[in-house]
Structure formats: C-alpha cells, structure tokens
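Remarks on the structure that follows.
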Amino acid sequence: MKKEVKIGTILISKPFMEDKRFEKTIILIVENNVEGIVGFIMNKNISNTIPIITNLFPKYNINTKYGGPIDDKSRLFFIHKSPQYIKGSKEIKDGVFWGGELDDLENGLKSKEINEKEIMFFIGYTGWEKDQLKDEIEDGSWILHNMDINELDINMDWSNLLITINKEYEVWATAPSDFHLN
C-alpha cells in the first residue's frame, strides 16, 4: 500500500501510540506543501464554551473540536461547506473547505446563507515539518485512510473506525489504554 499523505487524507493513530497527545485520534489533513503538513483532530470535542467563539458567534451552536496542540489557546480554525460565501477558503475534498474570512462566515450565518451545521470549529491544529510525518508513518504510528468527509456533524469514533478498516485491530481498539487497569 502506498503511504502518501494528500490533502483530505485521514490519519488514524495506531493503538498504544507513544505520544499521548495523539492517543486514539483521527486527524484530517487540510494542507500539504513543501513546508510541512497541517491537520485537525476530528474526534476530540470541546465541552466548555470557548470565549472567542462565544464572542464572535453567540447565537449559534457550532460543533467545536480540539484541533491539536499547536496554537491551542489563541487561534480559531474552521472547516465548512460554503466557499461561495467565505472568501479565502481552500478546498480539502468532497465539497469541504477550510479557512477563509471570519467576517464572511459571521455575515453568512446572520443572513442564513450559511448553515451552522455545515461548520466545524477547531481550537489548535496539528502540524509536521517536511518529512516528519513520513517518518512517523514508516515507524508505524499512523494508519492512512481515505473516506468521505462530507458529513461534518458526524462524531468520529476511533475504535469503530479502526475496526472498520481492519477487523484484526478489534482486540487493540477495545483494550484499555493502560493494561494495568485490566
């Protein structure tokens, strides 16, 4: 199997990943260029209200995720399905885009041209320098997967996705992270 990371690729952390920040994560790759790779963790919900979101979008219930450890306190990122209303958007795949002008997003929500269910916010992101992710994949830390990302409001479950990809992972996907708890 070719292990090429493209925009739109899903990375699934292998069971028992050493870096606990990425344990049981599903990451969507949104940018891949000569400088490096950027992605967002898709399966780590944020339960409390983030002040930046509350201040910018007080009337909306927009799905918010912990995107990763880089810029995890100061920047807001988003993916969406409304590039016609949000200038500066970049296509990921399957009609899903990331980034763009926050003012355009706010105006589109107010005018109801943009559906809040077609937006997902991220606090922070994941990133790799040139060849860093390639090395991690070769070391066996990540499984590459290609799937339809068109449904932004789905809750991705690491265990279920891992088992769907390869039934042999079932024993690992359902095991506790700490075997001492067994």
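Here, each number is a calculation from the coordinates, and none is a lab measurement. Note that the coordinates shown come from a computational prediction; the quantities given were computed from them, not determined experimentally. Using ideal geometry, Cβ is built from the backbone for each residue, glycine included, and neighbour counts are taken over all protein chains shown.
Only helices enter the 222 nm calculation for the chain: every DSSP H run of n ≥ 4 contributes -39,500 (n - 2.57), and dividing by all residues gives -4500 deg cm²/dmol, rounded to 500. What the Cβ-Cβ distance of Ile70 and Asp139 gives, at R0 = 30 Å and to the nearest 0.05, is a FRET efficiency of 0.90. Each of the peptides 115-122, 12-19 was scored by the mean count of other Cβ atoms within 10 Å over its residues; in descending order, highest first, they stand as 115-122, 12-19. Ordering of 63-71, 161-169 by packing is 63-71, 161-169, highest average first (other Cβ atoms within 10 Å, averaged per residue).
Across all directions of projection, what mean area in square nanometres is found for the Cα convex hull of the chain?
11.2 nm²
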